[in-house]
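Contents: one structure, followed by commentary.
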Amino acid sequence: MEVTINYDYDKEDLADLPLVDLAKFVMAKEKCPENTQVSISFVDNKEIQRLNETYRKHQGPTDVLSFECDNVDDGFDGEKPEGMPYELGDIVIAPDVARGQMADYGTTFEEEIETLITHGLLHLCGYDHIDPEDAKVMLPHQEQLLKEWWEK
């Protein structure tokens, strides 16, 4: 599994966090193929707002966005010709939005970033929470993954 992290913003507060290890942990738990690739980018509020308005048609900044590539929902079964990667997708996170949510959720900066990475990865793996029934599956699963990660 390959995780690429792009520190376009706030590298000084993020570079020492175990983000690659977390992403690999979640992908392994989700049984992603060994040739899975994912990218995680950290951007400022202006950029996440632009992406949110362009791709989701929602105004203002958000905390995390996920952009799927070779997702199972697209009919892709994870099998590609030998040597070809399984491109799970891209996750974009706004650290300043994460900081703003820390008080609301009672988390540290590291916990909030880890929550957003886990959340984004679950979206790339086909989970959603728009429908209340889907949320009853995704959100407890997210909490369980984080609990296992934090207990490691």
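Just so it is clear, none of the values below were taken in a lab; they were calculated from the coordinates. In this text, all values refer to a predicted model and were calculated from it rather than measured experimentally. Reconstructed Cβ throughout: ideal geometry from the backbone, glycine too, with neighbour counts over all protein chains shown.
Quick notes on this structure:
- Beta bridges from DSSP with both residues in the stretch 2-151: antiparallel share about 30 percent, rounded to the nearest 5.
- Gain upon complete extension [LYS152, GLN101; 0.36 nm per residue less C-alpha separation]: 15.9 nm
- Of the trypsin sites (Lys or Arg not before Pro) found in the stretch 19-52, the ones in coil according to DSSP and having at most 15 other Cβ atoms within 10 Å of their Cβ are LYS31.
- Peptides 12-23, 92-103, 133-144 ordered by packing proxy, namely the average of other Cβ atoms within 10 Å per residue, highest first: 92-103, 12-23, 133-144.
- Cα centroid separation, the stretch 15-61 to the stretch 84-152 (Å): 9 Å
- Nearby lysines by direct alpha-carbon distance to LYS11 (threshold 29 angstrom, same-chain neighbours under 8 apart not counted): LYS24, LYS29, LYS46, LYS57, LYS147, LYS152
- Seen from all directions on average, the stretch 82-128 presents a Cα convex hull projection of 4.2 nm².
- Residues whose amide H falls under 5 Å from that of ASN6, counting only those 5 or more places apart or on a different chain, are ILE40, SER41, PHE42, with hydrogens built in the peptide plane.
- Dipole of the chain, positive direction: furthest Cα of GLY60, PHE109, HIS141, with charges on the beta-carbon: GLY60
- For the chain, the Cα-based Rg and Dmax, in that order, read 15.0, 47 Å.
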